[in-house]
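Let me begin by presenting the structure, written as structure tokens, before commenting on it.
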Amino acid sequence: MSLKTNILPLSLMMAAGFAAGVLRAQPQTYREEITVVAPYEPTISDAFKINLKAVTGDTLPVRKTFAYDIRSSLLPTPFQPEPLKAARMVGEPLEKLYRNYLRAGMGNYVSPLVEYHYNSLRSKDLVYALRLEHRSSAGELEGAGYPGRSHNTVGFGIQRIGKKGSTLAGDIGFSRNVRHFYGFGADSLDVPPERDDYRQRYADINTSLAWFSHDPDPRRLQHRIGLKLGHFSDLDERGELQFDLDGGLKKAVNFLKEAGDQYVAVNAGAEVYRNTQPWEDPVITSLIRVRPEFGLTLGEFHLKAGLKAEAMSDTTTRLALYPLAEVRIHVLESAMSLFFGLDGGSRRNGLRALVDMNPFLADSVPLHFSDEKYRFYGGTEGRIGQRLGFQAMLSASRTEGMPFFVNDTASLWNHRFSLVNKEVTLFALRAGLSFQHSKALQSLASFHFNQYSPTEGTAWHVPELLGSLGLRYSLRDKIILEADAYAEGPRKARGFDIDGEERVEEMKGFIDAGLEIEYRYSKLLAAYLRCDNLLGKHYQQWYGYPVQGLRVQAGLSYSF
């Protein structure tokens with residue numbers, strides 16, 4: 001027991017002494033403290049396998065060549081077509097036509113309407129029609145003279161369609177229009193004038209004859225010739241006899257083999273006027289024109305070039321030449337095209353033409369030629385899908401002798417209009433849209449912007465902005481609804497102050513909206529209700545000439 005106890009401490013003492021001796025015998029080593037700031041990420045190096053496959057090299061490679069050919073053989077492919085049934089056209093019944101159509105109605109302002117049409121039925125070679133019409137209004141207008149007016153027309157036309165590709169057509173007509181020059185302040189006069197003192201009547205009789213080809217083969221010579229004769233007169237004992245002769249030839253050619261369709265055309269015409277007035281001898285004027293033209297197609301490009309030569313004769317004779325050119329590019333076939341062009345020309349501002357623009361003419365107005373020196377234009381047209389159609393055009397032109405209407409100071413109440421002719425540069429924008437919403441609903445819209453820049457003075461009675469909108473809806477072809485609106489921007493009229501100095505009178509713009517509803521009781525009988533000037537504004541068409549307010553008319557139409 002005592003022996004074991006002594007041996008354990010002895011061994012511990014020997015180990016401790018040995019360790020101390022070893023520590024004293026080792027030299028002093030370098031110590032450095034290292035701080036690791038990143039976590040430890042163990043990695044394993046890539047191992048590469050030792051390739052133990054034996055590789056032998058051959059100094060003499062063997063190249064093998066092969067010769068082969070393909071022997072084709074026809075495999076039997078029997079096919080037995082099945083017979084098709086012959087197509088059959090299903091005949092649709094033709095809609096019955098009626099020779100006679102009568103429409104009659106009455107509105108406020110004592111406004112009767114009567115129309116009668118007599119037409120030929122279906123025919124392959126002869127078509128003719130007779131037309132009679134009467135429209136009038138006898139209502140009063142506060143603050144102005146008596147605005148009564150009437151319009152009467154009778155006309156007959158006939159066409160003979162030849163079997164050799166030519167058509168002969170002719171017509172004759174007569175119209176009588178009565179106007180009262182009511183544009184004076186009746187309330188400001190002590191004794192208003194009698195109605196006959198400011199009443200005017202225009203009578204127009206005209207006839208025409210035309211012969212033209214309708215052969216669809218463009219390789220054949222296409223021809224057209226027309227003759228017109230008319231006489232226009234009024235209560236001021238003025239008269240205008242007009243004679244027009246117009247014709248043209250067109251032939252397909254093949255001058256350029258690289259081009260597609262090509263044609264050569266020549267158009268020519270002559271207008272002769274004989275004007276009479278009670279205070280002077282008859283005056284004869286004429287306008288003769290010749291226009292050769294050449295056109296061709298190069299891919300999507302359609303090119304046209306020509307020259308217009310015109311000779312104008314009144315007190316003097318003048319010759320004018322106008323270049324003609326147009327390029328049309330079909331960007332998308334049957335969907336969109338671009339066009340650019342240059343043209344020009346002159347026209348006669350005769351008595352009939354001026355009355356059509358403004359029926360309240362003075363008893364003496366200058367009749368003259370307007371000469372459009374040039375007109376540059378460009379635009380686009382086409383459609384989007386099957387419903388939307390569009391058109392837009394920009395143009396810039398310069399015209400000498402453009403007519404502008406101004407109140408005639410020589411008339412007793414300044415209620416008539418004379419003319420001033422000016423040299424004008426015109427920048428114009430035209431745009432239009434048509435949309436087929438559905439089979440029952442269609443709409444139309446148009447917009448015009450005209451910027452007149454005369455060399456001196458003001459452009460009278462011409463608005464810069466014009467717009468229109470139309471809508472038509474058919475409910476099962478039983479109820480037809482038509483709505484339309486027309487708008488004009490502000491205009492300027494010539495006035496004078498108490499000292500006789502010229503001044504500018506501002507005329508406000510206006511909107512005239514209309515609505516018509518037609519109920520078709522049957523294919524023969526229908527009733528309609530028409531409303532015009534729905535806003536009831538007495539806007540001025542011409543300076544001093546306010547229009548009637550809301551106008552309502554109702555009536556019936558009958559076919560038999």
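Just so it is clear, none of the values below were taken in a lab; they were calculated from the coordinates. This is a predicted model, so every value here is computed, not measured. Note that each Cβ is placed from the backbone with ideal geometry, even for glycine, and that neighbours are counted across all protein chains shown.
Considering only F435, L515, N533, the residue lying farthest towards the positive end of the dipole of segment 430-537 is F435, judged by Cα position with unit charges set on Cβ. Within the P(r) computed for segment 78-158, what percentage of the Cα pairs occupies the region above 14 Å? The proportion of pairs with Cα distances above 14 Å equals 77 percent.
Among the GluC sites (Glu not before Pro) in segment 173-275, those placed in a DSSP loop whose Cβ has at most 16 other Cβ atoms within 10 Å are E194, E237, E258. Using +1 at the C-beta of Lys and Arg and -1 at the C-beta of Asp and Glu, which of G165, F339, F232 has the Cα lying farthest in the positive direction of the dipole of the chain? Sorting the options by dipole projection puts first G165. Short-range pairs are left out: with C-alpha atoms under 8 Å and at least six residues apart, the relative contact order of segment 359-472 is 23 percent. By the Cα gyration tensor, segment 205-268 has an equivalent ellipsoid whose semi-axes, rounded to whole angstrom, run 39, 12, 7 from largest to smallest. For A320, the shell of other residues with beta-carbons less than 14 Å away shows a net charge of +3, using +1 for Lys and Arg and -1 for Asp and Glu. Other residues within the sphere of radius under 12 Å centred on the Cβ of Y539, judged by their own Cβ, net out at +1 (K and R +1, D and E -1).
Taking the charge dipole of the chain about its Cα centre, with +1 at Lys and Arg Cβ atoms and -1 at Asp and Glu Cβ atoms, the residue from V462, S313, Y473 reaching farthest to the positive side is Y473.
Size descriptor for the chain, Kirkwood hydrodynamic radius: 32.3 Å (Cα pairs only, one decimal). A convex hull fitted around the alpha carbon atoms of segment 439-543 yields 125 Å³ per residue. Could you state the angle between the C-alpha long axis of helix 2-25 and the longest principal axis of the C-alpha atoms of the chain, as a value from 0 to 90 degrees rounded to the nearest 10? Once rounded, one gets 60 degrees.
How many angstrom separate the Cα center of segment 248-295 from the Cα center of segment 314-351? That distance is 13 Å. Under the criterion of Cα pairs below 8 Å and six or more residues apart, the relative contact order for the chain equals 7 percent. Pairs from the list K257/K304; K439/K537; K163/K308; K96/K124; K85/K439 with a Cα-Cα gap above 26 Å: K439/K537; K163/K308; K85/K439. Taking 21 Å as the straight-line reach from the Cα of K422, the lysines in range (excluding those fewer than 8 positions away in the same chain) are K373, K492.
Here the alpha carbons of segment 501-560 define both size measures, Rg and Dmax, at 17.8, 63 Å. According to the calculation over all Cα-Cα pairs in segment 118-217, the P(r) per 5 Å bin from zero is 3, 11, 15, 13, 11, 9, 9, 7, 7, 6, 5, 3, 1, 1, 0 %.
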